[in-house]
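Undergrad: Right, I'll just put the structure down here and ask away after.
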Amino acid sequence: MSARIGGGGIGIWLVTGMGLGLMRPAPGTWGSLPPVALAMLLAFAGTDPRHIDMALAAMGLVFGLSCLVWGELAEKSFGRKDPGAVVADEVAGQSLALMWLPWSGNNARIIATCAIAFFAFRLFDIVKPPPARGWQRFPGGLGILIDDLVAGLYALVATQILVRVLW
C-alpha cells in the first residue's frame, strides 16, 4: 500500500473507508457500516428524515467521488483491479440503500430498518445481479464504484418494499 494516494494520506483514508477496508475479515462488510451507524444515530436522536437523507447523500457523495478521483491510483498501489481494501464504494452504495426510509417509530424499528438495509446491500453487493457485474469492467474508479451503486439501488428497492410492508 502506498501513501502516495492523495499526496498525504487523505486519498488512502477515504478510499479505504477511513481505514475500515484494511480490517479483516470481510473488508466490504466493515466498509458498509459507517452509513448504517450514521442513519441509526440520527434516527435515535429524532432527526428529521429529510436531514437523515441529506447526511447519507453527503456521505455517499464524498466517498463515491473519492472512488472516482483516487480509484485508479488505489488499484496501482494495491496491485489489482477493485482491491478489497478499497471500500469507499461500499460506503456510497450502502448510503444509497438507506435513503428515503421511514425513520419514525421506536428504537427496535430503527434497528430493524437499518439491519434490513444493511443485509440487503451486502447480499446484492456479493451476488452482483446484472447489470452490476458487467459494469465492473469500466476502468479505474468508475469500475470500482458502479457495481456498488447498482447494488445500493437494488437494496434500496428491496428495503423500501420490506420496511413498508412490515411497518
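Undergrad: Out of curiosity, is Arg50 of a type in the set (Lys, Arg) and under 21 Å from Val127 (Cα atoms)?
TA: When the stated conditions are applied, Arg50 does not pass them.
Undergrad: For the subset of region 96-141 comprising residues that are modelled with pLDDT of 90 or more and of a type in the set (S, T, N, Q), which member is nearest to Phe63 (Cα to Cα)?
TA: Thr113
Undergrad: Ok, one more. Could you tell me whether any residue of region 60-69 is out of contact with any Lys or Arg (no Cβ under 6 Å at 6 or more places or on another chain), aliphatic (A, V, I, L, M), without any contact (Cβ under 8 Å) to a residue 40 or more places away in the chain and under 21 Å from Thr159 (Cα atoms)?
TA: yes
Undergrad: Among the residues of region 92-110, what is the count of those that are under 17 Å from Ala155 (Cβ atoms) and over 13 Å from the mean Cα position of the chain (by Cα)?
TA: 4
Undergrad: Taking region 154-167 as the search range and keeping residues that are in contact with a helix residue (DSSP H, G or I) (Cβ under 6 Å, 6 or more places away or on another chain) and under 27 Å from Ser66 (Cβ atoms), which one is surrounded by the most Cβ atoms within 10 Å (Cβ to Cβ)?
TA: Among those residues, the one meeting the criterion is Ala155.
Undergrad: Please find, among Arg4, Arg80, Arg50, the residue that is at pLDDT 90 or above and surrounded by fewer than 17 Cβ atoms within 10 Å (Cβ to Cβ).
TA: Of the residues listed, the single one that is at pLDDT 90 or above and surrounded by fewer than 17 Cβ atoms within 10 Å (Cβ to Cβ) is Arg50.
Undergrad: Of the residues that sit in region 100-144 and are small (Gly, Ala, Ser) and out of contact with any Asp or Glu (no Cβ under 7 Å at 6 or more places or on another chain), which one is surrounded by the most Cβ atoms within 10 Å (Cβ to Cβ)?
TA: The extreme case among them is Ala117.
Undergrad: Would you tally the residues in region 53-66 being buried (at least 18 other Cβ atoms within 10 Å of the Cβ) and within 11 Å of the chain's Cα centre (by Cα)?
TA: So the count comes out to 5.
Undergrad: For region 130-167, what are the residues that are of a type in the set (D, E, K, R) and either within 20 Å of Ala117 (Cα to Cα) or within 17 Å of the chain's Cα centre (by Cα) (or both)?
TA: Arg133, Asp147, Asp148, Arg164
Undergrad: Criterion first (under 30 Å from Arg164 (Cα atoms), assigned to a helix (DSSP H, G or I) and touching a Leu at 6+ places or on another chain (Cβ under 7 Å)) does Ala39 satisfy it?
TA: For Ala39, the condition - under 30 Å from Arg164 (Cα atoms), assigned to a helix (DSSP H, G or I) and touching a Leu at 6+ places or on another chain (Cβ under 7 Å) - is met.
The values are calculated or read from the model by the stated rules, or taken from the named source; none is laboratory data. If you're wondering where the values come from, they're calculated on a predicted model, not measured in any experiment. Note: ideal-geometry Cβ built from the backbone for every residue, glycine included; neighbour counts use all protein chains shown.
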